[in-house]
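Peer 1: Structure below; questions to follow.
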Amino acid sequence: MRRNRNRCRPSRPERWRRRWGHSLRLRLITVFLLLALAMGAVFMSGMQRAFSSGWRDAARPLVSDYMDRLVADLGSPPDLGRAQALAARLPISIRIEGPQVNWQSHPDRQFFGGRASEWLSRTTADGHKVVFGPGTIPSHGMFGWITLSLLLCLLVGAYAYVRRLLRPLDDIRAGAERFGRGVFDTPIPLRRRDELGDLAARINTMAHDIKAMLDAKRGLLLALSHELRSPLTRARLNAELLPVQGEGSAPRERDALLRDLGEMRDLISDLLESERLASPHAALQRETVDLAALAREVVADMPQAAAVALDLAPDLPALALDRMRVRLLLRNLLDNALRYSAGAAQPPSLSLQAGEGGGVMLEVRDFGPGVDPAQLAHLTEPFFRTDGARQRATGGVGLGMYLCRLVAQAHGTALEVRNAAPGLAVQVLWR
């Protein structure tokens, strides 16, 4: 398994290539560096061509005249003392070939050939040939290191400037992530007044408008839900007061009406609670809660949960929780487990154990058919039901797991849902 993982892992050049393709900074620095190299190459090529064409024609007469003066100064036949003094005084090398004198000032030097040797060599009257070439040029290696250091400093300065120039992109990315999570309290900081600053300001305006629309939707939903509770309560009361006359279809219709009214009441209650918990200003009524005792109370209040297997560890710590919200979570998880445990080999189980690093780990598990892995990530979304028929009698209205997730998030923890093979397991770590 480890071999396959390493085989699928991209190589380091591939990772760098992907990083370069993703990073705007690295691409800008690469363009800057390539542009600098291209400009340097074009400049050097142009200067070399200019010197090789125009300056060569202008300098050849001067160099020829200077060569004639040097040969005349050496004498005929050439004087070795003068030649040695001349080679020591000037950065040139001298080679003398002739019937009387054969001497070279720098035996390790290579002399020019071709057309350059024609106008850098002279023949004396006595038949000696004097050839001039490059001598010992003073070394200036320090200038090369200084030039390289300056180039590196320019590169680092360019990177720092580009990084500062694109810093608002990091703020915009972080702000977009916050807005995507529904956190609109912290806007994107406006660091500059350029185009990126204008983009950040526009995104802040968009986030403010989205927050206003969401608040208006939430307020409308809360108002409608609150206003519907009173007529539903009166309708249920009137239905319960209907006279029951004998046996037949009337009692069944009355029971069906009461059941539908009860579901509508529960739906409105769940909608109100979900909107309260989804609000960033959700207030919890925290108190010291014994989770084991609360779990026993919830199971005792549910007649259909008598078969639930309880696994409650002793001496669990008491935690500061909202008792009513945790009761709601336990009831919804048990309802969900019982709904999908019909025909299972084992009844659902509720476990409370000491969590790692402190706290209490709650797990509610059923032994039913489980959930399709493709639907597992959507299980805690509002109004999501896993059964394809979407029948309210089997799948509910799709708010139970959503409310459980909101209760866990309001307490600063998370709801973890996984397939337990068989069945579905839901875990919450209370701290």
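Peer 1: Return yes when Ala293 is in a strand (DSSP E or B) and without any contact (Cβ under 8 Å) to a residue 40 or more places away in the chain and no when it is not.
Peer 2: For Ala293, the condition - in a strand (DSSP E or B) and without any contact (Cβ under 8 Å) to a residue 40 or more places away in the chain - is not met.
Peer 1: Being closer than 24 Å to Gly423 by Cα and free of Cβ contacts under 8 Å to residues at least 60 places away in the same chain is the requirement here; does Ala313 meet it?
Peer 2: Yes.
Peer 1: Would you point out the residue of segment 338-370, among those that are under 27 Å from Gln285 (Cα atoms) and outside any strand (DSSP E or B), that is modelled with the lowest pLDDT?
Peer 2: Among them, the one singled out is Gly357.
Peer 1: When residues of segment 149-170 are filtered for being farther than 19 Å from Ala36 by Cα and touching a residue at least 40 places away in the same chain (Cβ under 8 Å), how many remain?
Peer 2: 2
Peer 1: Only residues in segment 74-97 that are in contact (Cβ under 8 Å) with a residue 24 or more places away in the chain and in a loop (DSSP other than H, G, I, E, B) count as the first member; pair them with residues that are surrounded by fewer than 15 Cβ atoms within 10 Å (Cβ to Cβ) and acidic (Asp, Glu), Cβ under 7 angstrom, at least 6 apart or cross-chain, and list the lot.
Peer 2: Note: pairs meeting the criteria are Ser76/Asp126; Pro77/Asp126.
Peer 1: Determine whether Met47 is modelled with pLDDT of 75 or more and aliphatic (A, V, I, L, M).
Peer 2: no
Peer 1: Looking at Leu329, Leu321 in this structure, which one is at pLDDT 90 or above and out of contact with any His (no Cβ under 8 Å at 6 or more places or on another chain)?
Peer 2: Only one candidate passes the filter, namely Leu329.
Peer 1: Continuing with this model, one more query. Only one of Glu247, Glu263, Glu227 is assigned to a loop (DSSP other than H, G, I, E, B), modelled with pLDDT under 85 and either surrounded by fewer than 15 Cβ atoms within 10 Å (Cβ to Cβ) or assigned by TED's automatic domain parsing to the domain that holds Arg327 (or both). Can you tell me which?
Peer 2: Selected residue: Glu247, the only one of Glu247, Glu263, Glu227 that is assigned to a loop (DSSP other than H, G, I, E, B), modelled with pLDDT under 85 and either surrounded by fewer than 15 Cβ atoms within 10 Å (Cβ to Cβ) or assigned by TED's automatic domain parsing to the domain that holds Arg327 (or both).
Peer 1: Ok, one more. Run Thr186 past the list (1) surrounded by 14 or more Cβ atoms within 10 Å (Cβ to Cβ); (2) under 21 Å from the mean Cα position of the chain (by Cα) and report the number of the one that doesn't hold.
Peer 2: The single condition Thr186 does not satisfy is (1).
Peer 1: Which of the residues belonging to segment 329-386 are of a type in the set (Phe, Trp, Tyr) and surrounded by 18 or more Cβ atoms within 10 Å (Cβ to Cβ)?
Peer 2: Tyr340, Phe367 - these are the residues of segment 329-386 that are of a type in the set (Phe, Trp, Tyr) and surrounded by 18 or more Cβ atoms within 10 Å (Cβ to Cβ).
Peer 1: I'd like the full set of residues that are at pLDDT 70 or above, of a type outside the set (Ser, Thr, Tyr) and loosely packed, with under 11 Cβ neighbours inside 10 Å, limited to segment 266-292.
Peer 2: Gln285
Peer 1: Next question, about the same structure. For residues that are small (Gly, Ala, Ser) and exposed (fewer than 14 other Cβ atoms within 10 Å of the Cβ), scanning just segment 77-106, find the one that is farthest from the chain's Cα centre (by Cα).
Peer 2: The extreme case among them is Gly81.
Peer 1: Before we move on, is Arg365 touching a residue at least 60 places away in the same chain (Cβ under 8 Å), of a type outside the set (Gly, Ala, Ser), closer than 22 Å to Ala414 by Cβ and touching a helix residue (DSSP H, G or I) at 6+ places or on another chain (Cβ under 6 Å)?
Peer 2: No: the conditions fail for Arg365.
The values are calculated or read from the model by the stated rules, or taken from the named source; none is laboratory data. Treat the numbers as computed from the prediction; the structure is a model and nothing was measured. As a convention, Cβ positions derive from the backbone with ideal geometry for all residues, glycine included, and neighbour counts pool all protein chains shown.
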